[in-house]
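The values are calculated or read from the model by the stated rules, or taken from the named source; none is laboratory data. Since we're looking at a predicted model, the values are computed, not measured. A quick note on method: Cβ atoms are made from the backbone with ideal geometry, for glycine too, and the neighbour counts reach across all protein chains shown.
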Amino acid sequence: MKKVAIQRDSRSRKAAARREARRWIAGILILAFALLYFFPILYMILSGFKTEAEAAVPSLLFHPTLVTWQKVLANASMINYLKNTVFHVIAGTCLCLIIGIPATYALVFARFKKEGKGESLYNWFVTTILLPPVAVLIPLYLIFNELQLNHTRAGLLFLYVGFHLPICIWLLYSFFKDVPEEVVEAAKIDGCSSVQLIMGIVIPLTKTGIMTAGLLVAVFIWNEFFLGYNLTTNATATLPVYMARFGQQQGQFIAQLSASASISCVPPMIFGWISQKSLIKGLTAGAVKG
C-alpha cells in the first residue's frame, strides 16, 4: 500500500510539474508575442529621443536627447493641431453622452403608441453605424459650404457627434436594458420625473457602461482621419491629419515624426490601460445570461 501511495504521490507531483512548466512556457510565449507586437511602438517612442542623424540609422544604442521634443513642442502648428484634437475629443464625447443617455433612456423605457417602436428606432440607430463616411462626403461638403461650416471647428464637431452618437447609443442600450423595470416603475410611482430617474437611478446603475461608451467614443474621435482630412484646413485640422501631412510639408525628419507620432499615440494608449478593467467589464456585461 505504501508503494502504491508513493507512486501516486510521485505521479501527481510530476503532473503538477508538467502543468507548471506548460504555464511558464505559455507565459513566456505570450510575453514574447506582446513584446514583438509592442516593439514598433517602443522603437517609435525611443526614436523621438534621438537626433535626426541617429534616427536615420536604425539602432537601439544612442545618446538620449530632448532636442527633438523641444523642436516638436515649439512648433506652433503642431500645438494647434493638438488643441483641435483635444477640443473635439472632450466636446464630442461630452455631447455624445449628454444626448445619448436620455435618447437611450427613451428607447428603453418610454411608452410608444405603436408596439415595438422603440426597438425599431434602436435598430435604425445601429444600422447607421454601417454608413461609410465616404458615401456622404460630397453632400456634406456641399451642405456645409452653403451653411459656411466648411473648415470650421463647429462643423467638424457636428459631424463627429453625428457619426459617433449611434455607437454611444448602441453601447448604452444593453446596459439600460439591464436596469430592472420594477425600480423605474417604483420611482415613477413615487413621483420622480424623467430627469430625476436618469440622474438618480439610471446613471448610477449603468456608470460602467457610460464609462465604456465615453472611452470608445473618445478613442474613435481621437483617431478619426477621413472627415478631418477632407473638411478642414491647417487651422482646424486634428492630429491624424497633421501626421498625414507631415512628410509633405516638412520633409523626412524621422526623429520629429516619431516624437509627433508618440504624442498622437501614447495618450489614448495610457487612457486605455488605465480604463481597461472598466472597458472589459463594459463590453462583456450581459454576454452570459442565466
ask   = Can we say ILE138 is of a type outside the set (Asp, Glu) and farther than 22 Å from ALA218 by Cα?
value = yes
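Filter region 78-133 down to residues that are touching a Gly at 6+ places or on another chain (Cβ under 8 Å) and under 27 Å from PRO268 (Cβ atoms), then give me how many there are. I'd like the intermediate steps shown before the answer.
Restricting attention to region 78-133, the residues satisfying the condition of being touching a Gly at 6+ places or on another chain (Cβ under 8 Å) are 93, 96-97, 106-108, 110, 112.
Going one step further and asking which of them are under 27 Å from PRO268 (Cβ atoms), we end up with 93, 96-97.
Residues that pass the stated criteria total 3.
If you check ASN150 against the conditions, is it closer than 29 Å to ASN234 by Cα, at pLDDT below 90 and touching a Leu at 6+ places or on another chain (Cβ under 9 Å)?
Yes; evaluated as a whole, the condition is true for this residue.
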ask   = Quick check, is VAL202 of a type in the set (Val, Ile, Thr), under 30 Å from GLU185 (Cα atoms), modelled with pLDDT of 85 or more and surrounded by 15 or more Cβ atoms within 10 Å (Cβ to Cβ)?
value = yes
query = Going by the conditions given, is PHE87 in the same structural domain as ALA237 (by TED's automatic domain parsing), of a type in the set (Phe, Trp, Tyr) and surrounded by 14 or more Cβ atoms within 10 Å (Cβ to Cβ)?
reply = yes
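Okay, residues lined up against (1) more than 31 Å from the chain's Cα centre (by Cα); (2) exposed (fewer than 13 other Cβ atoms within 10 Å of the Cβ); (3) not aromatic (Phe, Trp, Tyr):
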{"position": "ALA17", "(1), (2), (3)": "yes, yes, yes"}
{"position": "ARG22", "(1), (2), (3)": "yes, yes, yes"}
{"position": "ALA32", "(1), (2), (3)": "no, yes, yes"}
{"position": "LEU36", "(1), (2), (3)": "no, yes, yes"}
{"position": "GLU52", "(1), (2), (3)": "yes, no, yes"}
{"position": "VAL57", "(1), (2), (3)": "yes, yes, yes"}
{"position": "ASN75", "(1), (2), (3)": "no, no, yes"}
{"position": "TYR81", "(1), (2), (3)": "no, no, no"}
request  = For region 185-197, enumerate the residues that are surrounded by fewer than 18 Cβ atoms within 10 Å (Cβ to Cβ) and hydrophobic (A, V, I, L, M, F, W, C).
outcome  = ALA186, ALA187, ILE189, CYS192, VAL195
remark   = Pairing a residue in region 162-174 that is touching a residue at least 60 places away in the same chain (Cβ under 8 Å) and polar (S, T, N, Q) with any residue that is part of a helix (DSSP H, G or I) and crowded, with 21+ Cβ neighbours inside 10 Å, where Cβ atoms lie under 8 Å and the two sit 6 or more apart in sequence or on different chains, gives SER174/GLY209
ask   = For region 38-65, how many residues meet the condition of being hydrophobic (A, V, I, L, M, F, W, C) and in a helix (DSSP H, G or I)?
value = 10
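Does PRO139 meet the test of being in a helix (DSSP H, G or I) and closer than 18 Å to ALA91 by Cα?
Values: in a helix (DSSP H, G or I): yes; closer than 18 Å to ALA91 by Cα: no.
So PRO139 does not fit the description; no.
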